[in-house]
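Quick notes on the structure that follows.
The values are calculated or read from the model by the stated rules, or taken from the named source; none is laboratory data. Model, not experiment: these values are computed from the prediction. Note that each Cβ is placed from the backbone with ideal geometry, even for glycine, and that neighbours are counted across all protein chains shown. Accessible surface is based on the protein model in full, side chains and every heavy atom, while ligands, DNA and RNA are left aside. Shrake-Rupley method; radii C 1.70, N 1.55, O 1.52, S 1.80 Å.
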Amino acid sequence: MNDWIAIGAFATIALLIPVGMVAASWLLRPTVPERHKRAIYESGEVPTGDTRVRFNIQYYMVALLFVVFDIETVLLFPWALVYTDAIGEVGLFHALAPMLLFVFILMVGLAWAWRNGAVSWARSPQADRRRATNQ
Amino acid sequence: MSTLEEPEVEPDGLDIDAVHERLGDRVLDTEEHINAPGIIIRADEVEETLTILRDEFDFDYLACVSAEELPDRYETIYHLKQFADPTRELSIVVPTDRDRPISQSAAHVYETANWHEREAYDLIGIEYDGHPNLKRILLPDSWTGHPLTDDYNQDKPQVVSYKAHENPLLEHTKEDDGETMLINIGPHHPATHGVLHLKATLDGESVVDVEPDIGYLHRCEEQMCEQGTYRHQIMPYPDRWDYASAGIINEWAYARAAEDLADIEVPEYAQILRTMGAELCRMAAHFLALGTFVLDVYGEFNALSMYAIRDREKVQKLLEDLTGQRIMFNYLRLGGVAWDIPEPREQFFDDTRQFINEDLPESMDEVHDLLTDNEIFQLRCVDIGVLPPKQAKQYAATGPVARASGIDMDLRRDDPYGYYPELDWEVVTDDGCDIFSRVMVRVREVEESAKIVDQCIDLLEEWPEDEREIQANVPRTLKPDPDTRVYRAVEGAKGELGIYIRADGTDTPGRFKIRSPAYCNLSTLPVMAEGDFVADLIASLGSIDIILGEVDR
Amino acid sequence: MLQAVLQTDTVLLPERLVDLLRLGEFGVVGEFIAGLIAAFLVANIMLIMTAIAGPWAKRKIRARFTDAIAVNRVGPAGLLIIIADAVRLMSKEIIVPEGVDRPAWELAPIVVALSALLGFAVIPMGSGIHVADPEVGVVFVFAVASLASIGLVMGGYASNNKFSMLGGLRAVAQNIAYEIPLVLVAASVVIFAGSLQMSEIVAAQQDTLISLGVVDIPMWFAIINPFAFVLFLAANMAEIGRNPFDTPEAPNEIVAGYQTEYSGIYFVLFYLGEFIHIFLGGAIIATLFLGGPAGPGPESLGFVWFLVKIWAVFLLTQWMRSAVPRVRIDQLIEIGWKGLLVLSFLNLILTALIVGVITV
Amino acid sequence: MIGVLKSMAVTMKHALKGETFTVEYPDVPPEVSPRFRGIHKFSQERCIWCRQCENVCPNDTIHIVTDDKRQGEQYNLHVGQCVYCRLCEEVCPVDAIILTQNFEFTGETKDDLVYNKEQLKSVPWYNELDPLAAREPDRGSWVGEGEDAVDYQ
């Protein structure tokens, strides 16, 4: 039997359950729309400005880095899978060395990103300036 | 016994003649306030005079600014003190014209004057020339009139509009590194400890600018006190300023000011009762401060906040036995306290000793295990929310906030009152200046308070039965002489809680001004939080330990 | 008949259902129907567990840690609160705030719930309850579980609320920072087992490592490589957003993060998704490190052992919550990238060396 | 890490001990101290309508109406705005008003919390506690000498 049919069936159920809950609640729940109720919550004050502002570019740096590392990591899986068999066939060194080299390259990449501050959370230069004047 | 109440601390070293000599013609006149000599100066020489006093006479502490309306003039009084010796006091009186109440601002000399003068402008209507941001602070911007003036119409309805706040940095950040976002934290937010509104401008997660906006809990406490009689009716109100169990300390602030004003002596036995009650209150208040602070750092399901509440509950039980109420004690009376230790006395002493000597050390060990040694807690709190001592003095921070910035001032020791001078305890200071120090100062202060209570219990137990005088003989109606002025402070749970009273010859005060410690401490928030992350802003706010009832009054 | 269902675990649940209900003659459709029934069964087990955990167990546990009394009024030990809460939450009004990005806003909770549920498709739960066993099981479960972060950022961004926005961004940053260590540690397990298939990984842990008198220490990876286990536990805490890594919804800072503007059933779905995610995290830990449904007693008890392990992980999250402060978002990111990532690389090399030496 | 583990050990210790300190309020009535101040009780028989309580009250909670011969007609007390300072009890020369330990009273509207003298008279004691026993020691300084045993009913 194909596993993916079962997974497909599971996905259908996993989709139907939340949708079904929404439908059931639709039958039960009241709807009393009212302007003040619909106001955006901002601690009881009127929101100022647009919510979707331009965020500091550093947020996206982390995301880019993730894409790089994630793909590299996925490349490790085939190696991990055949590793024990490969030791038998080509010996420990030949099985291990390519991975070590690969991980080494990744680590160098990480060190580079680390040094450039790409893996740190965004600090705001404005906020730092403000701090300096304060103290 | 009078030596206990007023240990005749002559302003040693404060050479008032030298001050007069240095100020020269700037001194228009002098007047005598109880505790402090008053100097009257011109309204356009405020900044100059205060700069001289601050730089040359070491008056680095602007304790309070009280403004008032008199029949022929408006007056602003700057109550100056020294952090090194708070008994050296000086009142700078700045009268202004009734028709044109404009006075020079002191905000450039003392940062703390910024908020105080805004409040004076808001409530009295004196305008401060040169003030960086002279707008209303307690009342909404759209308010018309100044409620503490005589011609203010109390019955006129006010329209309070509901509008968006401006982003103060919107203009000059457009071309800068990132766009800033104004986010309103509070008044209805889980971490503002009441109805406080922080206008925070964020760049990403960093706080670029934060401005506390207060007044949501303004209850006209000063005005209510001005309408109550000295003898009875004012005393219930102080309980409601710092309502987080610090009631007896607050009552003591009023009692101390009024007793100075009316020259009442308090029996020694009552002093011990007051001291014990006040320290129990301090413990309860610090427990609550700890409990709510850890909520901000741990999240809402942590155990320590509940353990702190449990310990506070034990203190409250003792206070309930003593005063009959759990929070709003109304235990002090002018000239003493309402009642003695409850019968059977032994029971009360045993309960208290049980708490002090057995329960408390155990829970303190737990606090240290949960907080002090916890690496993640240290990660969150060490070197975060830094308040340098210089800034702390500028903003007149007091209490645990100042002591955690290395400022060694505690009115219980430096301006002694009650029975404190006779007892063996220490002032806790820490020079970490960060959130961690502020929390630790509170934790250690609880231990010091326990020492004080323990000694009080011993004294009370051994006190001869026929000398247990709990109240002095005080007349039913008090009418202090007109135009007597007093500013007196006690060490509240949050810092210096001062009361300024001007008597006008009737049985109610002519002006009643509360110097609230949390108000001044809160104004340091921008120094602590700007440049840090949002999470640090919340932790800093929690570490200041504000009670909005006291901030807004 | 039931005995037949609860026999060995080499046969998958849908297959057994095909035999049982004679669906074989319908071909693929029959298989699909069997899959639906099996999925429905498993998903409902998870829903019931969430229903117990959310309104009842969580409060009880919390009360226990904080010396308080909790839920004891409705029914025996307060258990009926589950039904009361379910009805209450289902019949709440949904308030749609102004300016939300409508389709994304409504899809987000469904995506979150779906991603958490779908992960269970490949988990062997013992007693023959195992829906599917693809050869890439480990990769599949991580892929599906991290779908949730898409739901979170959708909800956060679509809500038109600044707190939601910050929460959504935090959720993504956190998920991506901890995804890589998590997967790398899983890779070290794959080296051990030599397979990506869940049933193979469980089977690889069945043997006895050492016999200490009457007690047999099984060859669970948590015992063989505790270092990897601790790393995985930590990364998993961040992945499911629990203390000390619960920054995306840190109520004291950003109110409720991405779910601030959600009400009614949408909020329930988020909540449900979160809890199922915790259980999914527990299921992954149980499968990869704790021998899946393995435990003393007959094999038909496997499911019970599996649940015990999942609940142990749930209990751990609640325990951490009672005692550990929340890490700040920047510290969290740095711990992820500079700490856990490096450590998980080290772990991978270490595991490869050990396995290599043993095999040679 | 050791500190974190220590913290976790502390909470686990509490969890295993299983002590609780919260109370199930309506089922288990909380203990109150003998001095606890709750809602007032008023005795018309003892009252001499001297209006001292009305005068001393900080926020006009007590409202007394007398006829032209200074005989009392109404005694209203707005419990909703009372601050429980106990000043009225302290000044009363004849112990006509006393704060019981009863804190259990509710009302649906503000008006429900305005009690007249009949309602004040029928306020029940809390757990049969007589607060006066605990308050006796200090009453001398307010009431003066020579009071006999007091009956509040």
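Taking amide H positions as placed 1.01 Å from N in the peptide plane, with prolines and chain starts having none, which residues 5 or more places from D:Gly38, or on another chain, fall under 5 Å of its amide H?
D:Thr100, D:Gln101, D:Asn102
Build a GNM of chain C with springs between Cα atoms under 10 Å: which of C:Ile69, C:Ile335, C:Ile37 gets the top mean-square fluctuation?
C:Ile69
Sum up the charges of everything whose Cβ sits under 9 Å from the Cβ of B:Pro421, counting Lys and Arg as +1 and Asp and Glu as -1, but leave B:Pro421 out.
Details: positive: B:Arg412, B:Arg413; negative: B:Glu422.
Local charge sum for B:Pro421: +1.
At 7 Å along the Cα-to-beta-carbon direction for both B:Ala18 and C:Ala84, put a label point, then send me their distance in nm to one decimal.
So the label points at B:Ala18 and C:Ala84 sit 7.3 nm apart.
Hey, which of these cross-link pairs are over 21 Å Cα-Cα: D:Lys41/D:Lys110; C:Lys309/D:Lys6; A:Lys37/B:Lys163? Before the final figure, lay out each step's value.
Numbers: D:Lys41/D:Lys110 19 Å; C:Lys309/D:Lys6 24 Å; A:Lys37/B:Lys163 17 Å.
Checking Cα-Cα distances, C:Lys309/D:Lys6 exceed 21 Å.
Let me check against my output: what whole-number percent is the relative contact order of the stretch C:128-265, with C-alpha pairs under 8 Å and at least 6 apart? Working shown, then result.
Working: 167 pairs, mean separation 45.1, N = 138.
Value for the stretch C:128-265: 33 percent.
Roll a 1.4 angstrom probe over the protein heavy atoms and tell me the percent of accessible area of chain A that is carbon or sulfur.
Values: 5120 of 7430 Å².
Carbon and sulfur together cover 69 percent of it.
When the accessible area of the stretch B:221-552 is computed with all protein chains present and a 1.4 Å probe, what percentage of it is carbon and sulfur?
Details: 3760 of 8230 Å².
Carbon and sulfur atoms account for 46 percent of the accessible area of the stretch B:221-552.
Quote the Stokes-Einstein diffusion coefficient, in whole µm² s⁻¹, for the protein assembly as shown, based on the Kirkwood radius over alpha carbon pairs, a temperature of 25 °C and a viscosity of 0.890 mPa s. It would help to have the intermediate numbers written out before the result.
Numbers: Rh = 33.7 Å.
Answer, rounded: 73 µm²/s.
Under the definition of Cα pairs under 8 Å and six or more residues apart, what whole-number percent is the relative contact order of chain C?
Values: 567 pairs, mean separation 80.8, N = 360.
About 22 percent, as a whole number.
Determine the principal axes of the Cα atoms in chain B, then give the extent along each, sorted from largest to smallest and rounded to whole angstroms.
That gives 68, 57, 49 Å along the principal axes, largest extent first.
Compute the FRET efficiency between C:Asp19 and B:His188 as 1/(1 + (r/R0)^6), taking r as their Cβ-Cβ distance and R0 = 41 Å, and round to the nearest 0.05. It would help to have the intermediate numbers written out before the result.
Numbers: r = 59 Å, r/R0 = 1.44.
That pair, C:Asp19 with B:His188, gives E of 0.10.
How far is the Cα center of the stretch B:104-164 from the Cα center of the stretch B:438-486, in Å?
Cα centroid to Cα centroid, the span is 36 Å.
Rg and Dmax of the stretch C:2-359, using alpha carbons, in Å: what are they?
20.9, 68
For an R0 of 51 angstrom, estimate the FRET efficiency from the Cβ-Cβ distance between B:Thr144 and C:Ile223 and round to the nearest 0.05.
Details: r = 76 Å, r/R0 = 1.48.
Once rounded, the FRET efficiency stands at 0.10.
At a probe of 1.4 Å, how much accessible area disappears from chains C and A on forming the pair, both sides counted, to the nearest 100 Å²?
Working: alone 17510 and 12580 Å², together 22970 Å².
Answer for the C-A pair: about 7100 Å² buried.
Greater than 32 Å separation of Cα atoms is the criterion. Which listed pairs, B:Lys314/C:Lys58; B:Lys156/B:Lys513; B:Lys513/D:Lys121, meet it?
Working: B:Lys314/C:Lys58 27 Å; B:Lys156/B:Lys513 24 Å; B:Lys513/D:Lys121 40 Å.
Pairs exceeding 32 Å: B:Lys513/D:Lys121.
Suppose a student asked you for the relative contact order of chain A, using Cα pairs under 8 Å spaced at least 6 residues apart; what percent would you report?
It rounds to 27 percent for chain A.
Dividing the Cα radius of gyration by the Kirkwood radius, what Rg/Rh value follows for the stretch C:153-263?
On the way: Rg = 19.2 Å, Rh = 16.2 Å.
Dividing the radius of gyration by the Kirkwood radius yields 1.18.
State the volume of the convex hull built on the alpha-carbon positions of the stretch C:44-127, expressed per residue in Å³ and rounded to an integer. Can you show the working numbers first?
Numbers: hull volume 13.6 nm³, N = 84.
Roughly 162 Å³ of hull volume per residue.
Under 5 Å between amide H atoms, partner at least 5 residues away or on a different chain: which partners does B:Arg515 have, H built in plane at 1.01 Å?
For B:Arg515, whose amide H was placed from the backbone, the distant partners under 5 Å are B:Gly498, B:Ile499, B:Tyr500.
Below 15 angstrom from the Cβ of D:Asp112, what's the summed charge of the other residues (Lys, Arg +1; Asp, Glu -1)? Mind dumping the intermediate values first?
Details: positive: D:Lys110; negative: D:Glu104, D:Glu108, D:Asp111, D:Glu118.
After counting each charged neighbour, the total is -3.
Based only on Cα atoms, what Rg/Rh ratio does the stretch B:6-102 have, Rh being taken as Kirkwood's radius?
Numbers: Rg = 13.3 Å, Rh = 13.8 Å.
Dividing the radius of gyration by the Kirkwood radius yields 0.97.
Check each residue of the stretch D:8-26 and keep those whose accessible area, probe 1.4 Å, is at least 50 Å² smaller with all protein chains in place than in the chain alone; give them in order of residue number.
Buried-area filter returns D:Met8, D:Val10, D:Thr11, D:Met12, D:His14, D:Ala15, D:Phe21, D:Thr22, D:Glu24.
Amide H neighbours of B:Ile327 under 5 Å, at least 5 residues apart or on other chains, H built in the peptide plane: list them.
Hits under the 5 Å cutoff: none.
Would you mind giving the total buried accessible surface between chains D and B, with a 1.4 Å probe and ligands, DNA and RNA left out, rounded to the nearest 100 Å²? Intermediate values should be presented prior to the final figure.
Working: alone 10300 and 21580 Å², together 28810 Å².
Its buried surface, counting both partners, is about 3100 Å².
Run the numbers on the stretch C:129-170: which residues show a drop of 30 Å² or more in accessible area, chain on its own versus all protein chains together, using a 1.4 Å probe over heavy atoms?
The answer is C:Ala132, C:Pro134, C:Phe140, C:Tyr157, C:Asn160, C:Lys162, C:Phe163, C:Met165, C:Leu166, C:Leu169, C:Arg170 - residues whose exposure falls by at least 30 Å² when every protein chain is included.
Provide C:Ile52, D:Ile62 ordered by accessible surface of protein heavy atoms (probe 1.4 Å), highest first. Mind dumping the intermediate values first?
Details: C:Ile52 60, D:Ile62 10 Å².
Most to least solvent-accessible, the answer reads C:Ile52, D:Ile62.
Quick one: 3J(HN,Hα) in Hz for the stretch B:37-48, Karplus 6.51/-1.76/1.60 with θ = phi - 60°, rounded, Gly and Pro as x.
Residue by residue, the stretch B:37-48 yields x, x, 10, 9, 10, 6, 5, 9, 10, 5, 4, 4 Hz.
If you average 1/r across every pair of different Cα atoms in the stretch D:1-136 and take the reciprocal, what Kirkwood value do you get, in Å?
Numbers: mean 1/r = 0.0568 Å⁻¹.
Final number for the Kirkwood radius of the stretch D:1-136 is 17.6 Å.
Can you give me the accessible area per residue for the protein assembly as shown, using a 1.4 Å probe, in Å²? Don't jump to the answer; show the numbers that get you there.
Details: 45200 Å² over 1201 residues.
Averaged over the residues of the protein assembly as shown, the accessible area is 38 Å².
Suppose we keep just the DSSP beta bridges with both residues in the stretch B:16-129; what percent of those would be antiparallel, to 5? Before the final figure, lay out the partial values.
On the way: 20 of 26 bridges.
Counting DSSP beta bridges with both partners in the stretch B:16-129, the antiparallel share is about 75 percent.
Can you figure out the FRET efficiency of D:Glu24 with B:Gln158, using R₀ = 51 Å and their beta-carbon distance, to the nearest 0.05?
Details: r = 45 Å, r/R0 = 0.88.
So, using R0 = 51 Å, E works out to roughly 0.70.
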